[in-house]
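K.L.:
So that we are looking at the same thing, I have put the structure below in structure tokens.
The values are calculated or read from the model by the stated rules, or taken from the named source; none is laboratory data. Predicted model only: the values in this text are computed from it and were never measured. Virtual Cβ from ideal backbone geometry, glycine too; neighbours counted across all protein chains shown. Surface areas here come from the heavy atoms of the whole protein model, side chains and all, with no ligands, DNA or RNA. Shrake-Rupley method; radii C 1.70, N 1.55, O 1.52, S 1.80 Å.
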Amino acid sequence: DMGHSKRQLEMVSAFRRLHADPALADWTLVLAGGCDAAATGYLDQVRAAASGLPVDIRPDATFDELVELYGAASIYWHAAGLGVDAERHPDRLEHFGIVTAEAMSAGAVPVVVDLAGQREIVRHGVDGYRFRTEDDLVALTRHLVTAEGQLERMASAARSRAATFGRDAFVARVHQLIDGIAT
């Protein structure tokens with residue numbers, strides 16, 4: 001039982017399939033985030049699964065490193081909750097998705113699991129894609145990379161969408177609410 005797993009094994013599996021496509025052979029998958037001592041066995045499994053692939057694993061990336069990675073990324077994958085029964089295990093889902101919004105603000109196009117907070121952030125086909133299966137993750141990513149101009153269009157839309165979750169937009173909405181109450 002992995003509890004709140006980020007589903008890196010599934011992402012490595014999807015990446016292995018994509019890497020076999022000549023159009024995606026020069027791409028790199030970066031897996032970054034926190035890793036506590038209890039997860040070292042899973043980390044070993046991820047490393048083994050990624051063997052022979054251009055996969056960069058950063059188990060204890062700092063916030064500054066994450067910001068740098070978002071800035072360098074073209075696509076942001078998020079799979080926490082993939083294969084989870086949302087009714088039985090809501091604790092295993094990402095409920096807001098602030099990390100997705102941060103990646104989008106850096107211009108990374110999100111391809112995220114179609115659950116919980118990700119549904120509120122990513123408008124499917126507009127500023128990113130939402131998937132339900134590993135097959136969908138592979139197909140949507142392949143389309144994003146190979147369709148003429150798709151990655152650039154969606155990166156621009158992702159940046160615009162992320163701005164709606166930023167501090168300035170939040171402050172403006174609070175002021176609108178206060179003005180509405182005060183009148």
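K.L.:
I'd like the chymotrypsin sites (Phe, Trp or Tyr not before Pro) in region 94-136 restricted to DSSP loop residues with at most 16 other Cβ atoms within 10 Å, sorted by number.
P.N.:
Numbers: sites: F96, Y129, F131; in loops: F96.
Filter output for region 94-136: F96.
K.L.:
Can you check what the net charge comes to around I57, using other residues whose Cβ is under 11 Å from the Cβ of I57 (Lys, Arg +1; Asp, Glu -1)? Walk me through the intermediate numbers first.
P.N.:
On the way: positive: R47, R58; negative: D44, D56, D60.
With Lys, Arg at +1 and Asp, Glu at -1, the neighbours total -1.
K.L.:
Just reorder V113, V126, V55 by solvent-accessible area, largest first, 1.4 Å probe, all chains present.
P.N.:
Output order, biggest surface exposure first: V126, V55, V113.
K.L.:
Say each of S160 and S51 gets a label point 7 Å from the Cα, pointing the same way as Cα to Cβ; how far apart are those two points in nm?
P.N.:
About 4.7 nm, to one decimal.
K.L.:
Full extension from R58 to A23: what is 0.36 nm times the residue separation minus their Cα-Cα distance, to one decimal in nm?
P.N.:
10.1 nm is the gain from fully extending R58 to A23.
K.L.:
While we're on this one: Can you give me the long-range amide H partners of I57? Hydrogens built in the peptide plane at 1.01 Å from N, cutoff under 5 Å, separation of 5 or more residues or another chain.
P.N.:
For I57, the qualifying residues are L31.
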